[in-house]
Amino acid sequence: MEIKHFSHQHPLTLFCKRGKGDTVHCSACLLPVSSGPTYGCSRCKEFVLHKSCAELERQLQHPFHPQHPLNLFTKSPYQSTCYCDACGNSCSGFVFHCADCRFDLDVGCASLVPAINYEGHDHRLTLLDKIYNKHAVCKTCDKPCDAFVLCCVKCDFNVHKSCAELPQKLQHPFHPRHNLTLFRENPYGLGKTCLCDACRKPYSGFIFHCADCKFDLDVGCASIVPSLRYEGHDHLLTLFDKIYDRRLCNVCDKPCNAFVYRCVMCNFNVHKLCAELPNQIQHPSHPLHPLTLFPKPPLPMKVRPCDACGNFLSCFTFRCMECDFNLDIECASLVPTIKYEGHEHLLTVLKKSDWRGQCNSCGTPCDGLGLLRCVECNFNLHIHCHPSFPRTIKHNCHEHALSLMDAVDEHDSSGKFCCDACGKRRNPKRPVFYCAKCPFVAHISCVISEVLPSLTVRQERIPRIEEVQIKPSSSVRGFLDVTTGNDVVARGFSATIPSEKVDVEVTADPTLSKLDGEIARLQANLKALQSQRAQYNTCE
């Protein structure tokens, strides 16, 4: 049986494909022709049409576009690529087109009809296995739509199939006191801000809401439950990739933004890395005894300062009970790294401190300036008093070179004396880096990243807490004591938590190498003397 089809210059013959041989694709819908009745051209071996595609109407009235009929085109009606207004995929085969509205449907989507009633929309929806439009967003969860999406092509309304099946009422562990009701519009009214109480993100999609408590939970957060037990809190915690407002970590008292364990009921927040702190560390600032992690300062906040930086302790603290020695979490991640000829020990860099002692070099106060400190000996040195401190640097905060000056007050006519790098107030009587070409002044601490490489640094250190990288593939039950490399009792989760030993690059210290050689020589002499003594005892 032969037909004359408008899409091809030769007659097409009907045959039955048995599913064997080379794979060919239908020129109309571009899907593989595997088996069944098929029309093909005996002269043009590559032109093949499914029987159903060959029998498509030349004009179609479709519910996706009820305003006008759609005409069947064999290729894009435009000079550029044509995209289907239903699924967003490019129409490389036949296309149904409305010239008045520039509306297009590929052959596959033209075979679909809206058939699903959804309470959240006025029109019936159509289930699409895949959507290629990168801008399509689910009206419920506000996340991209890609697969298994219910859509209304007329209204550009899209909702994930899983979101469309959400319950109207929900009992959630984040808010166990009352049931949450699903709202399809802002429960507080048009134009009002609605924040998810879990992730704190402003929300415009569907929301689970408790009218009694004004508690709100977006659809994404409603799909997660607390599952991790932490020793420092009574309730189970939930890991959030991101928190969208300013929350402070209950361990280090620093802002939480990404990878935070959170108790929504108690507003308890802890950085993932802070939660994985070891229960005990051996710290070079206090070599006599190990330091134990305490969830609260040993004394009231206004009484007990950190023995390294002088800041008052307000959160978790590493403490030696025997010596009444305390380090906050930030200082516990630091170790002495800087050499200074005027002191026997290495010094620790404190970029910001509240230590009120005097500099052992110049005799002036150490308040708030970049400080080099030996905690063990209470030896303090302004970072700019170090002999190797550079007098001129180039920093990415300013286009010109910056020079060190003891005091700069003539460049600020406002009298506020602010740092142009961070915008905070500065003491006009304190040393700063300034630009000789333009009125730019910066705290030493704001450009310290360019200063430290000029000092003699010993490259052996405890990594800062935020620098520790966790490999998802590794899994251990204990945490690693980064100072000693020994396994310690886990403080935190009873579940298995990924952790990793941090590789530390160690550069040989010439002074230590010399001392090691002297020790080896003395040990050899001692061994020789012991041998002589043994011979003497034998002779007696």
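At a 10 angstrom cut-off on C-beta neighbours, averaged per residue, how do the peptides 60-67, 106-113, 44-51 rank from highest to lowest?
Ranked by mean Cβ neighbours within 10 Å, highest first: 106-113, 44-51, 60-67.
Give the long-range amide H neighbours of Phe268: residues separated by 5 or more places, or on another chain, with amide H under 5 Å away, using H modelled in the peptide plane at 1.01 Å from N.
Result for Phe268 returns Cys263.
Can you tell me which of 116-129, 148-161, 281-294 comes out highest on packing, and rank the rest after it, using the mean Cβ neighbours within 10 Å?
Highest to lowest by the protection proxy: 148-161, 281-294, 116-129.
So how exposed is Leu30, as accessible area in Å² (1.4 Å probe, rounded to 10)?
In the full protein context, Leu30 sits at about 80 Å².
Once you place label points 7 Å from the Cα toward the Cβ at Val24 and Lys75, how far apart are they in nm?
Once both label points are built, they end up 2.0 nm from each other.
Considering amide H positions built from the backbone, and no H for Pro or chain starts, which residues 5 or more places from Ser361, or on another chain, come under 5 Å of its amide H?
For Ser361, the qualifying residues are His382.
Can you tell me the length gained on complete extension of the stretch Asp245 to Glu344, counting 0.36 nm per residue apart and subtracting the Cα distance?
31.1 nm
With no solvent and one point per C-alpha, what does the Debye sum give as log10 I(q)/I(0) for segment 100-154 at q = 0.16 Å⁻¹?
Rounded to two decimals, the profile gives -0.53.
Per-residue accessible area for Lys4 at 1.4 Å probe radius, Å² rounded to 10?
Roll a 1.4 Å probe over it and Lys4 shows about 140 Å².
Can you order the peptides 208-217, 265-274 by their average number of other Cβ atoms within 10 Å per residue, highest first?
Answer by packing, highest mean first, reads 265-274, 208-217.
Heavy atoms only, probe 1.4 angstrom, no DNA, RNA or ligands counted: give me Met405, Met321 ranked by accessible area, highest first. Numbers along the way, then the final one.
Values: Met405 60, Met321 120 Å².
Putting Met405, Met321 in descending order of accessible area: Met321, Met405.
Using θ = phi - 60° and the Karplus relation 6.51 cos²θ - 1.76 cosθ + 1.60, list the HN-Hα couplings for segment 77-86 in order, rounded to whole Hz, with x at every Gly or Pro.
Once θ is set to phi - 60°, the couplings for segment 77-86 become x, 10, 6, 9, 5, 9, 10, 5, 6, 8 Hz.
Can you run phi through the Karplus equation (6.51, -1.76, 1.60; θ = phi - 60°) for segment 127-132 and list ³J(HN,Hα) in whole Hz, with x for Gly and Pro?
8, 10, 5, 8, 10, 9
Want the number for Ser388 to Asn89: 0.36 nm per residue separation, take away the alpha-carbon distance, what's left? Show your work: numbers first, answer last.
Values: separation 299, 0.36 × 299 = 107.64 nm, distance 6.32 nm.
Gain on extension, Ser388 to Asn89, equals 101.3 nm.
The values are calculated or read from the model by the stated rules, or taken from the named source; none is laboratory data. This is a predicted model, so every value here is computed, not measured. Every residue, glycine among them, receives a Cβ derived from its backbone with ideal geometry; neighbour counts consider all protein chains shown. Note: accessible area is taken over every heavy atom of the protein model, side chains too, but ligands, DNA and RNA are not part of it. Shrake-Rupley method; radii C 1.70, N 1.55, O 1.52, S 1.80 Å.
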